[in-house]
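Structure first, commentary second.
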Amino acid sequence: MKKILGIIVLGLLWCNVGFAINEPFDLWCKSYKKEFYDGDKKILKSVSENYQIHLTNDEAFVVGLEGLYNNLIRSQQDTQSYFYTSMGYNGRSSVENNKIIPFDSFEVDRTSGEAILSKWIINIGNIYMKCSKEKPKLLF
């Protein structure tokens, strides 16, 4: 009986069956690059900002910036990343009746921790960051 149970558990671990978030958790992210547009000119800026992002199975929000990045609903299209968007098809296309609809999105790669926080108002702006589940230690 123990052997059968061991085989089932190892089989489930080997197959990587569960991709759902079992309980809400926070990601601690540090940005390293910001990309935005000035007219048609793409601007890359080196930045160093900290973000705390709360993830659940259905939604996400940036702690302290809930008014800027809100209504982020999970799209389970990809098993290699967590992807959340406020509206638009896959968070990319946001044209409806020849009007551009603003949207926000957040995507984090589950294996590398690389993440992109995007905001589309007139042009798209991306914040590239590295995330971890471990809370950073404060140095005082």
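The values are calculated or read from the model by the stated rules, or taken from the named source; none is laboratory data. No experiment lies behind these values; they were computed from the predicted model shown. For neighbour counting, all protein chains shown are included, and Cβ atoms are generated from backbone atoms with ideal geometry for every residue, glycine included.
Conditions (1) in contact (Cβ under 8 Å) with a residue 60 or more places away in the chain; (2) among the aromatic types (Phe, Trp, Tyr); (3) at positive phi; (4) surrounded by fewer than 15 Cβ atoms within 10 Å (Cβ to Cβ), marked per residue:
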residue	(1), (2), (3), (4)
Lys42	no, no, no, yes
Ala60	no, no, no, no
Asn71	no, no, yes, yes
Ser75	no, no, no, no
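Taking the stated definitions as given, is Tyr82 in a loop (DSSP other than H, G, I, E, B), modelled with pLDDT of 70 or more, under 18 Å from Asp104 (Cα atoms) and touching a strand residue (DSSP E or B) at 6+ places or on another chain (Cβ under 8 Å)? Walk me through how you get there before you give the answer.
On the way: in a loop (DSSP other than H, G, I, E, B): no; modelled with pLDDT of 70 or more: yes; under 18 Å from Asp104 (Cα atoms): yes; touching a strand residue (DSSP E or B) at 6+ places or on another chain (Cβ under 8 Å): yes.
Spelling it out, it is not the case that Tyr82 is in a loop (DSSP other than H, G, I, E, B), modelled with pLDDT of 70 or more, under 18 Å from Asp104 (Cα atoms) and touching a strand residue (DSSP E or B) at 6+ places or on another chain (Cβ under 8 Å).
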